[in-house]
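*Asks:* Please find one structure pasted underneath; my questions will follow.
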Amino acid sequence: MTHSTGTREAARPGTAPVRAGLAETVRFMATHTVPAFVRGVASPRFGVVSLYSRVNQPAWSNATLRAMKARHGGAPVLVRALSGDMLVLFDEEDVARFFAEPMDVLAMDAKDKLDSLSVFEPTGVICSHGRLREDRREVNDRVLAPGEPLHPACAEYGAVVEEECRPLTAATVLGFPLLRTALARISRRVVLGDRAADDGELAGWLTTLRDRANWMGRSRPEDSRALYARAEARIARYAAGAPPHTLAARALSAPAPEGADPLGQTHHWLLAIEVLAPIVTRTLLLLAAHPAEQDEVRAEIAAGTPGLPRLRACVQESVRLYPIVPDLVRVTRAETEWRGVRHPAGTTVLVPIGFHQRDPERVPGGHLFAPGRWLVPGADGDPRTAPFSQGPGRCPGDRLGLLLSSLVCAEVLRGNRLTGARPALDTGRPLPGIVDTAAIRLRLGRP
Ligand code: HEM
């Protein structure tokens, strides 16, 4: 069976695909694919991020994508990528369909992604397909509770955040390194329990594995398997005695189908919560540059507004502007038809969501910090702005991620005012496509 778009201006089946020419392909490779690979597909290389921020590298990639979109009238374009052809989607309806397709048509485990992620989470839901994927997704959904307005263990996690954030506001300047340490400890405590908080050795092993994942499984595979086994045994030891509110204990609290590997999912959770450190740091940087928004958020924190919706919206806006997954990649498991052109099963499909969700042609004020857009009903399901993706591949940790990030931001802003920050953002101009997060320094003043 062929899965097709109900397209407005569909060409006839059998029509030849739109293919990028040689110059276009070279430009796409040079400005989009290779820079993404060099920056680190699984673990960002902060030196490279620093260099890219000096030259605003994403602007080159955006210019390439804008030109491709204009040249081909928004049609899907086949372009050469690292491991073969890739179908790049530009049209809003095509993107909406990308999100709507079931996983047995558009699957998560595209080759490059699998080669990379399977180094540190070989049994993670994102690396899986078929029945096994469904079983693993069920474990993730049960533990992370994406459908609930507040995570069932939010009180316990709030207490962890409060404790770990105490050192953050002792000085008058708060930098990324302190936030990174706090989030790494929060991550281990939320996933594995307090006994894991100080386990620098486990943290080191996991960092090594994630760094090797940047080499798509080609860097010392035997060593990586042995290291993964060591980390797996350590995680199992913590999980065996973990209190019920931890993600590991929640994973073990119900029987799982064979092969679902509930504890295998913890590797992604540990990483994802650590990744909140750059998200929180950039959110605070944006609030330092937008004092009126900061006032609103501080008033919300002072009023104890449940769920901190305004602050949450600021975090969402921060990940729209600076997505942690700027390229959403899938592989087709059946023949598909896009605008009347058939593509065989096995085609890699790309939605460059980082480009789309800033595209001023679709997103008003795309390059500006406008958190209020997330308070409009339906915003969270709008395929134009999808920092958590959408549909069956949507992030199951979205609510937990927003909860923990806004709680950390609230701890910093409670009793403190951000009076300045480095790098300085010029809010009268489009925001840069990338910021040197490791170099961010936030000045704290008492209000
Ligand atoms: C605000 C922070 C976060 C953002 C922006 C985010 C974003 C994303 C995105 C875009 C995807 C889809 C990736 C793809 O299609 O290749 C994803 C998947 C996933 N995320 Fe998150 N995430 C966040 C936090 C978290 C947290 C805190 C957890 C768990 C503790 C988590 C767990 C997952 C899992 C398990 C998947 C794989 C889902 C699947 O394959 O079905 N995420 N996330």
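The values are calculated or read from the model by the stated rules, or taken from the named source; none is laboratory data. Bear in mind that the values here come from a model prediction, so they are computed numbers and not experimental data. Quick reminder, even Gly has a Cβ in these numbers, built from the backbone with ideal geometry, and neighbours come from all protein chains shown. Note: accessible area is taken over every heavy atom of the protein model, side chains too, but ligands, DNA and RNA are not part of it. Shrake-Rupley method; radii C 1.70, N 1.55, O 1.52, S 1.80 Å.
*Asks:* Write down the accessible area per residue of the stretch 46-162 in Å², having rolled a 1.4 Å probe over the full set of protein chains.
*Replies:* 40
*Asks:* Rounded to the nearest 500, what is the chain's calculated 222 nm mean residue ellipticity when only DSSP H runs of at least 4 contribute -39500 (n - 2.57) each, over all residues?
*Replies:* -14000 deg cm²/dmol
*Asks:* Using only alpha carbon pairs under 8 Å that are at least six residues apart, calculate the relative contact order of the stretch 3-445 and give it in whole percent.
*Replies:* Reported as a whole number, the value is 27 percent.
*Asks:* Same structure, new question: Net charge near A20: determine it from the other residues with C-beta under 13 Å of the C-beta of A20, scoring Lys and Arg +1 and Asp and Glu -1.
*Replies:* Every neighbour counted, the sum reads +3.
*Asks:* Next question. Just name one of P221, Q265, Q294: the one whose Cα is farthest towards the positive end of the charge dipole of the stretch 209-316 (beta-carbon charges, Lys/Arg +1, Asp/Glu -1).
*Replies:* P221
*Asks:* Each residue of the stretch 424-435 in order: what ³J(HN,Hα) in whole Hz does its phi give by Karplus 6.51 cos²θ - 1.76 cosθ + 1.60, θ = phi - 60°, with x for Gly and Pro?
*Replies:* Residue by residue, the stretch 424-435 yields 6, 9, 8, 6, x, 10, x, 5, x, x, 8, 10 Hz.
*Asks:* Starting from the amide H of R19, placed 1.01 Å from N in the peptide plane, find each other amide H under 5 Å away whose residue is 5 or more places distant or on another chain.
*Replies:* L78
*Asks:* Let me ask you something else. Once whole DSSP H runs in the chain are found, which of them have Cα atoms spread over 15 Å or more along the helix axis and a mean Kyte-Doolittle score of at least 0.5?
*Replies:* The answer, listed by residue number, is 176-192, 276-289, 398-413.
*Asks:* If you count only protein heavy atoms with a 1.4 Å probe, what accessible area per residue comes out for the stretch 238-355, rounded to a whole Å²?
*Replies:* With all protein chains present, the stretch 238-355 gives 33 Å² per residue.
*Asks:* Using a 1.4 angstrom probe on heavy atoms only, work out the carbon and sulfur share of the accessible area of the stretch 303-447 in %.
*Replies:* Solvent-exposed carbon and sulfur of the stretch 303-447 make up 56 percent of the total.
*Asks:* Cut-off 12 Å, label point 7 angstrom out along Cα-to-Cβ of T427: give me the residues of the stretch 352-372 whose amide nitrogen falls inside.
*Replies:* 369-371, by backbone N distance to the label point.
*Asks:* For K69, tell me the accessible area in Å² from a 1.4 Å probe, rounded to the nearest 10.
*Replies:* Counting only protein heavy atoms, K69 exposes about 30 Å² to solvent.
*Asks:* Still on this model: When only the heavy atoms of the protein chains count and the probe is 1.4 Å, how do W205, W215, W338 rank by accessible area, highest first?
*Replies:* I get W215, W205, W338, largest accessible area first.
*Asks:* Still on this structure, please answer the following. Share of the stretch 227-296's accessible area from carbon and sulfur, percent, 1.4 Å?
*Replies:* The value for the stretch 227-296 is 58 percent carbon and sulfur by accessible area.
*Asks:* What is the sum of charges, Lys and Arg at +1 and Asp and Glu at -1, for the other residues whose Cβ falls under 12 Å from the Cβ of E201?
*Replies:* Neighbourhood net charge equals +1.
*Asks:* All other residues with a Cβ under 11 Å from the Cβ of E361 taken together, and with Lys, Arg as +1 and Asp, Glu as -1, what is their net charge?
*Replies:* +3
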